[in-house]
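Read the structure below first, then the notes.
Every read-out reported here was derived from the displayed coordinates using simple, explicitly stated rules and does not represent laboratory data. Here the structure is a predicted model, which means the values were calculated and not measured. A quick note on method: Cβ atoms are made from the backbone with ideal geometry, for glycine too, and the neighbour counts reach across all protein chains shown.
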Amino acid sequence: MRKIIVSPLLFLSTGWAGGDTPKDWKALRDSKGACQIAVPPNWILAPETGSAYPQDPSVGIAVVTSQPAQAFKPISDTILRLMNVPKENVFENSSKLVFYQDRQNPSASDSRSLNVMVPGNSGTCSAHVVTPSSVPEDTAKKIALSLSPVTESAAASH
């Protein structure tokens with residue numbers, strides 16, 4: 001298993017999970033208010049669905065969800081094989097972070113699809129980020145890696 005170079009602990013050390021997330025990015029919470037990600041300021045938020053998109057939802061989208069009853073755990077190698085996720089597309093699969101890139105949609109070969117899961121307050125937080133090639137890969141990864149549970153202090157101030 002390959003590990004991503006930037007430790008998820010770096011992202012968790014700053015209060016907002018996306019420690020490397022630019023200050024002007026927008027926070028997006030899932031419909032239950034339990035999990036959040038950050039997206040660039042030019043993205044359009046659809047908070048009622050826990051999603052955001054860059055100008056046109058047909059070319060890219062970020063979705064954040066929470067599964068309160070689902071205990072967080074790494075994905076088994078068997079499940080990754082069944083999902084057709086090549087080992088080189090698994091950036092991290094640990095007890096703190098699951099982060100991988102899906103197979104690309106053959107009809108949208110110029111897009112990337114990232115999936116990330118982290119432990120939530122009482123379950124699992126997950127996000128799915130699909131971006132066109134016009135969105136830099138590091139931006140797509142920053143969006144995905146900004147995933148975190150909403151803290152009590154953040155929930156009270158929102």
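Across the stretch 8-151, Cα pairs under 8 Å and at least six residues apart give a relative contact order of 27 percent. Simple spin-label estimate for residue 58 and residue 133 gives 2.0 nm between the two label positions (7 Å along the Cα-to-Cβ direction from each Cα). What you get for the stretch 8-151, charging only the Cβ of Lys and Arg (+1) and of Asp and Glu (-1), is a dipole of about 320 debye around the Cα centre.
Between 51, 39, 72, the Cα set farthest toward the positive side of the dipole of the stretch 8-151 (charges on each charged residue's Cβ, about the Cα centre) is that of 72. Packing around the peptides 140-146, 54-60, taken as the average count of other Cβ atoms within 10 Å per residue, puts them in this order, highest first: 140-146, 54-60. Taking the Cβ of residue 117 as the center, what net charge do the other residues with Cβ under 12 Å away carry, scoring Lys and Arg +1 and Asp and Glu -1? Neighbourhood net charge equals +1. In order along the stretch 117-131, phi translates into HN-Hα couplings of 9, 9, x, x, 5, 8, x, 10, 9, 9, 9, 10, 10, 10, 10 Hz, rounded to whole numbers, per the Karplus curve 6.51 cos²θ - 1.76 cosθ + 1.60 with θ = phi - 60° and x for Gly and Pro. Packing around the peptides 39-51, 69-81, taken as the average count of other Cβ atoms within 10 Å per residue, puts them in this order, highest first: 39-51, 69-81.
Amide H to amide H, with H built 1.01 Å from N, residue 34 comes under 5 Å of no residue 5 or more places away or on another chain.
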